[in-house]
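Let me begin by presenting the structure, written as structure tokens, before commenting on it.
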Amino acid sequence: MKKVKGDYASRSMSDNLEDLAKRNKSYCPAAFREIYVDGSGQYKPCCYFGKNDDLKKYKDNTTLPFEFFFSKEMEDMRNKMYAGEPIKGCETCVQMEKRVGSSYRTKRYIRKFNFVSDIEDIQLKLRVNGSYCNLGCYMCFPNNSSTRRNELTAVYGKDYNKMSGFEKPYNAVKHEQWNKIMNNIVENIDLVGYIKMTGGEPLQLPKHWEFIDRIPDDAAKRIMLSYDTNYTKIRYKNRSIYEVVDKFKNVHIGVSCDHFGDKLKWIRYPIDVKEFEDNLKEAGHLVNYLNCTVSILNVFDILEIQKYYRNNFNLLVTFHNIARGPQMLSICNLPYNIKQELIEKYKDFPFVVDELKKPSWGLYEKGLEYCQKLSDHRGFQFRELWPEL
């Protein structure tokens, strides 16, 4: 595996990297290990990264992944991290560490990679294969799901993206550019150690399967492939998840799942719950864990959700993902006394506690109104499932 060293690697560093971690609140391995692009086509160092004027010119329809990664701006960022200088765009983790003492930086990236000064085993997290999805989950960013966009357009009209949290329009990668991106990845495949497939629903995207076929077999044998999937469909035409497992070194499947029974059916409308659970029974042995996105509709049931999937499918549920856009679905909007009770109840769930500790945006009632509008459109009333709301 090739290693690439930038100017940052020549800095005089302490031999004790644990001491560096305690002193330096700016350093994050994501800048050395990850290439991420969101549904609007914006390249970022990681999926939690916010706005940064120096990086905003890097879009997937005009820039190739490794052009962004080796850009002067990214090299400058890595240098600034080692110098302990604040990074514009890292506010999510900075504020989390102030509130609860940990963050995605510490819990995910530093825990996984430790402290690195070279570039290798790059994680590719690119939303370039399309956005078709068969589900329209009520908290999903619309640029990640065609069904979601269709439903919001039917309920709110074409201006739905003016709602808080929906501001980024969907930006499809043109076919010619997609081919250039694939070539750029293959040319740098010796630097790639991890590929994360997202969508849309990745297993139902034709370009996802083209992507898989473009990865050389010898390279695939040392690459970990990861999925964010709703796992409602594990086959596509004559293809299936099983052949991917055979091709790559390891396949990591994270399944999005935000409740069970009829509550799951409403949140992840129009999911066929039986089909979903049948897939868990057939191919649950391939699943690493279920990912629950915590929002106002499931925050009271976290322990029950955890217990249901453990007892029925022997699967772990994580609660790292928090609904923050649209803001009205965030649990920080709950009444103060309820938040205090939940903070105590969920003290072992740091990302949930962090969101509960945030000041309210005062949008709780607006969130319920939004759920009612979706209910009226779906003909499936959320208040019958959550009468306490």
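Derivation of every value follows stated rules applied to the coordinates shown; laboratory data play no part. Nothing here was measured: the structure is a model prediction, and the numbers come from that model. Virtual Cβ from ideal backbone geometry, glycine too; neighbours counted across all protein chains shown.
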* In sequence order, what are the phi-derived ³J(HN,Hα) couplings for the stretch 356-372 according to the Karplus relation 6.51 cos²θ - 1.76 cosθ + 1.60 with θ = phi - 60°, rounded to whole Hz, with x for glycine and proline? -> 5, 7, 5, x, 5, 8, x, 10, 4, 5, 5, x, 5, 4, 4, 4, 5
* Asked: By per-residue mean of other Cβ atoms within 10 Å, what is the highest-first order of 76-83, 277-284?
  -> 76-83, 277-284
* To do: Pairs to check: K125/K274; K44/K347; K174/K196; K56/K221; K162/K347. Give those whose C-alpha atoms are more than 27 Å from each other in this structure.
  => K125/K274; K44/K347; K56/K221; K162/K347
* Asked: Amide H of I322: which non-local residues (sequence gap of 5 or more, or other chain) have their own amide H closer than 5 Å, using H built in the peptide plane?
  -> V294
* Asked: Just from its helices, what would the mean residue ellipticity at 222 nm be for the chain, if runs of 4 or more DSSP H residues each count -39500 (n - 2.57) and the sum is divided by every residue, rounded to the nearest 500 deg cm²/dmol?
  -> -10500 deg cm²/dmol
* Local net charge near C332, Cβ-Cβ under 10 Å (Lys/Arg +1, Asp/Glu -1) -> +2
* Structure fact -> Result for the chain, cysteines with no Cys Cβ partner under 4.7 Å, is C28, C46, C47, C90, C93, C133, C257, C292, C332, C371
* In terms of Cα to Cα distance under 24 Å, which lysines are near enough to K345, apart from those fewer than 8 places away along the same chain? -> K98, K107, K263, K307, K357, K358
* Distance between Cα centroids, the stretch 23-83 to the stretch 296-358: provide it in whole Å. => 29 Å
* To do: Please work out which option in (i) 62; (ii) 28; (iii) 32 gives percent of Cα pairs over 33 Å apart calculated from these coordinates, and answer with its label.
  => (iii)
* Asked: Quick one: putting +1 on the C-beta of Lys and Arg, -1 on the C-beta of Asp and Glu, what dipole do you get for the stretch 127-385 around its Cα centre, in Debye to the nearest 20?
  -> 320 debye
* Structure fact -> Relative contact order in percent for the stretch 7-124 (Cα pairs under 8 Å, 6+ apart) equals 38 percent
* What ranking do 266-274, 171-179 get when scored by the average of other Cβ atoms within 10 Å per residue, highest first? -> 266-274, 171-179
* Structure fact -> Here the stretch 288-303 yields Karplus 3J(HN,Hα) values (6.51, -1.76, 1.60; θ = phi - 60°; whole Hz; Gly and Pro given as x) of 7, 6, 9, 9, 9, 8, 7, 8, 5, 8, 10, 5, 7, 10, 4, 5
* Structure fact -> The relative contact order of the chain, taking Cα pairs under 8 Å that sit 6 or more residues apart, comes to a percentage of 14 percent
